[in-house]
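Below is one structure, written out as structure tokens; comments come after it.
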């Protein structure tokens, strides 16, 4: 695959990304950043991210991905509680 073809494919996929997916990615990155800073905000940002991903995966029919994100949700709630 030529570099130009790769760039075109990459750009095409970026342009098809929904606003909801972008929000989930931003909250996921914030969660990682707060984790590195050992900040309690790691939990609410992670929870928002995985809830959005559960929603996206459910309507895309990606039930295994939805399930693992639900597990991440439970772990985040448990971590925030403790």
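Some observations on this one:
- Most mobile of 19, 11, 29 in a GNM of the chain (Cα contacts under 10 Å): 11
- Distance between the C-alpha centres of the range 41-82 and the range 1-37: 18 Å, rounded to the whole angstrom.
- Pairs of alpha carbons in the chain whose separation is greater than 17 Å (percent): 55
- MRE, 222 nm, helices only [DSSP H, n ≥ 4, -39500 (n - 2.57), over the chain, to nearest 500]: -28500 deg cm²/dmol
- Modelled spin labels at residue 2 and residue 40, positioned 7 Å past Cα toward Cβ, are 5.7 nm from each other.
- Rounded to 10°, Cα long-axis angle of helix 3-15 versus longest principal axis of the chain: 50
- GNM result for the chain, Cα springs below 10 Å: residue of 46, 67, 28 fluctuating most strongly: 67
- Seen against the Cα atoms of the chain and their longest principal axis, helix 19-36 is set at about 50 degrees.
- The chain, relative contact order in percent, only Cα pairs under 8 angstrom and at least six apart counted: 25
A short reminder: the numbers here are calculations on the coordinates, not readings from a lab. Only a predicted model underlies this, so the values are computations on that prediction, with no experimental measurement involved. Every residue, glycine as well, gets a Cβ built from its backbone with ideal geometry; the counts of neighbours run over all protein chains shown.
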